[in-house]
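Visitor: Supplied in structure tokens, the structure appears directly below.
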Amino acid sequence: MSNGASEIRAGYLSLPILHPETHQTGTAFLECGKAKHVQMHFAGWRHFEMVYSVRETAVDPERIFKYEDDSEEWKGYCYTRQVNRRYHNDGSSFPAPRDKVFIVVLTHYFVVIEWGWEDCNPSEAATPILRKGRLGEQLWPTA
């Protein structure tokens, strides 16, 4: 983890994040192969989410939770934000629904493995109702 300096790993794109424990700027990574796969095989809106919403959520999350997948094979972090925009295939944007929250899931090595929209818990802003996985302790903001 760097102190905000650009860090490069072979085969990965670097992404600035708010570190969940130090609350300083750090670096996460997105596998180049995954980025290329999204660009080539998914609708345009998915690419624009990757480019804009993932970064916005990672850099300026409303909440960060510890995260554990359903199989309990790995643990990591879930960054959440009620981003303001969603995207059409041509890159044009429109207002995001207020009953949804954008999530970015990272491994404990800070590799982005998943992102997307989840229903938002109506009683807790920017807290997702996950379809899979489990949220643990809230790490950001701290009490």
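Derivation of every value follows stated rules applied to the coordinates shown; laboratory data play no part. Just so we're clear, the structure is a prediction, and the values are computed from it rather than from any experiment. Methodologically, a virtual Cβ is constructed for each residue, glycine included, from the backbone with ideal geometry; neighbour enumeration extends over all protein chains shown.
Visitor: List the lysines whose Cα lies under 22 Å from the Cα of LYS34, skipping any in the same chain that are fewer than 8 positions away.
Guide: Straight-distance partners of LYS34: LYS75, LYS132.
Visitor: Taking the Kirkwood radius as the inverse of the mean 1/r across Cα pairs, report the Rg/Rh of the range 1-120.
Guide: Looking at the range 1-120, the ratio lands at 0.95.
Visitor: Next up: Would you calculate the volume per residue, in Å³, of the smallest convex hull containing every Cα atom of the range 97-142? Show your work: numbers first, answer last.
Guide: Details: hull volume 4.2 nm³, N = 46.
Hull volume normalised by residue count: 92 Å³.
Visitor: OK, next. The chain: longest stretch without exposed chymotrypsin sites (Phe, Trp or Tyr not before Pro) (DSSP loop, at most 16 other Cβ within 10 Å), sites themselves excluded? Let's see the in-between values first.
Guide: Values: sites that count: PHE42, TRP74, TYR109.
Counting at most 16 other Cβ atoms within 10 Å as exposed, the longest clean stretch of the chain is 1-41.
Visitor: Which loop-located trypsin sites (Lys or Arg not before Pro) does the range 1-98 contain, where loop means any DSSP state but H, G, I, E or B and the Cβ has at most 11 other Cβ atoms within 10 Å? Display every interim value, and only then the final one.
Guide: Details: sites: ARG9, LYS34, LYS36, ARG46, ARG55, ARG63, LYS66, LYS75, ARG81, ARG85, ARG86, ARG98; in loops: ARG9, ARG98.
Those satisfying the criteria are ARG98.
Visitor: Turning to a different aspect of this structure: How high is the relative contact order of the chain? Use alpha-carbon pairs under 8 Å, at least six apart in sequence, and give a whole percent.
Guide: Values: 298 pairs, mean separation 31.9, N = 143.
Relative contact order comes out at 22 percent.
Visitor: While we're on this one: Between LEU13 and GLU124, what is 0.36 nm times their sequence separation minus the Cα-Cα distance? Round to one decimal in nm.
Guide: Values: separation 111, 0.36 × 111 = 39.96 nm, distance 3.23 nm.
Here the answer is 36.7 nm.
Visitor: Still on this structure: Report D for the range 13-69 in µm² per second (integer): Stokes-Einstein, Kirkwood Rh on Cα pairs, 10 °C, 1.306 mPa s. Walk me through the numbers before you get to the answer.
Guide: Details: Rh = 12.5 Å.
Diffusion coefficient, whole number: 128 µm²/s.
Visitor: A further question on this structure: Over what distance in Å are the Cα centres of the range 50-83 and the range 18-45 separated?
Guide: Cα centroid of the range 50-83 versus Cα centroid of the range 18-45: 10 Å apart.
Visitor: I'd like the GluC sites (Glu not before Pro) in the range 107-142 restricted to DSSP loop residues with at most 16 other Cβ atoms within 10 Å, sorted by number.
Guide: Working: sites: GLU114, GLU118, GLU124, GLU137; in loops: GLU124.
Here the GluC sites (Glu not before Pro) that fit, given the DSSP loop and packing criteria, are GLU124.
Visitor: Can you give the helix-only mean residue ellipticity at 222 nm for the chain, where every DSSP H stretch with n ≥ 4 adds -39500 (n - 2.57) and the sum goes over all residues, rounded to the nearest 500 deg cm²/dmol? Mind showing how you got there, number by number?
Guide: Details: 3 runs with 21 residues, N = 143.
It lands at -3500 deg cm²/dmol.
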